[in-house]
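Colleague: Just dropping this structure here.
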Amino acid sequence: MTTASTPVPARAHGERVHARSAGFWADWRTVALRALRLTWRDPEAFGPALAIPLFFFVVNVGALQAFVESGSRFPPGFDYKAFQLPVAVVFAVTGISRAQALVTDIQDGYLDRLLLTPVRRGTLLLGLMTADFVLILALATPVMLLGLALGIHVATGVGGVLMFIAMAGFWGLGFTGFPYAIALRTGNPSAVNNSFLLFFPFAFLTTAYLPAEAMTGWLATAVKFNPTTYLLEGMRAVLQTGWEWGEIGKAFAAIGGIALVSFTLAFRALAGRVRRN
């Protein structure tokens, strides 16, 4: 604070004025809050992400439940609804990100102007990912509630419901790095839209529709190398059998592996764009 007795010194002609950083946490919060505000203003961007998985969950259960549960290859009391619920949640939360909005920021020059400020570069992605995580949890929760409404009994109780949603949230968050990496490297909205195709091998070469013991041939081998298999098995354990920490641990290991790869690609892409600018 200055007073009349302590005048502000005049700057020399041509002297450069440097902006002062607000700090890491302030930058992170600012980016995240902006992303959240833009997300809630654009509900059509995430509405289909919830409607489509819910539709297929209801259709698959309605069409296949009686057939699967009556099969001789499944144990008595096998609940196909609980088996399919993790699949619906994973489809709802995978690929959800603000990458398309980031492309818009790149194309209209907003990101370039932002890079002229002293904002911490890492917070540009961390803030977006924080908003993504909130949205992913908001998508996973109604899918879980639908499962409960349809009569799914959660073997691990309320704690299991929270664990189930958390596993879905961290998986969705871990996957966000892929579309961000594509957005930062290409600045192309079509490329970002097609990034969801990366998930198709993860989605279908796994135990999405049948337990591993019911599979044969090359598909039985492929599912063993698919991280989504271990995520689904961990989520199903929480729903159907209890606190099987071995299965839950494998699920979080799969989440960590995907997050390590995708975050590495995303932050390297960000560093490359910063250097180019």
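Read-outs: derived from the displayed coordinates by stated rules, not from any lab. A quick note: this is a predicted structure, and the numbers were derived from the prediction, not measured. In this analysis, Cβ positions are derived from the backbone assuming ideal geometry, glycine residues included, and neighbour counts consider all displayed protein chains.
Colleague: Mean separation of Cα pairs under 8 Å and 6+ residues apart, divided by the residue count of segment 24-276: what relative contact order is that in percent?
Modeller: Details: 315 pairs, mean separation 60.8, N = 253.
Computed over segment 24-276, the figure is 24 percent.
Colleague: Please report, in Å, the Rg and the Dmax of the chain, where both are computed over Cα atoms only.
Modeller: Looking at the chain, its Cα Rg and Dmax stand at 23.0, 91 Å.
Colleague: Something else about it: At most 15 other C-beta atoms within 10 Å and a DSSP loop state: those are the exposed trypsin sites (Lys or Arg not before Pro) I care about. Give me the longest piece of the chain that has none.
Modeller: 74-277
Colleague: If you don't mind, there's one more thing I want to ask. Please work out the FRET efficiency for the pair GLN65 and TRP245, using the Cβ-Cβ distance as r and a Förster radius of 35 Å; give the result to the nearest 0.05.
Modeller: 0.75
Colleague: DSSP H helices in the chain with Cα extent of 27 Å or more along the helix axis and mean Kyte-Doolittle hydropathy at least -1.0? Before the final figure, lay out each step's value.
Modeller: Numbers: long enough: 47-69 (31 Å, 1.59); 121-149 (44 Å, 1.79); 157-175 (28 Å, 1.74); 245-276 (45 Å, 0.77).
In the chain, the long hydrophobic H runs are 47-69, 121-149, 157-175, 245-276.
Colleague: Based on the Cβ-Cβ distance of ARG41 and LEU198, what FRET efficiency does E = 1/(1 + (r/R0)^6) give at R0 = 35 Å, to the nearest 0.05?
Modeller: With a Förster radius of 35 Å, E is 0.80.
Colleague: Of ALA212, ALA32, ASN60, which is farthest on the positive side of the dipole of segment 24-276, counting Cα position, with +1 on Lys and Arg Cβ, -1 on Asp and Glu Cβ, and the Cα centre as origin?
Modeller: ALA32
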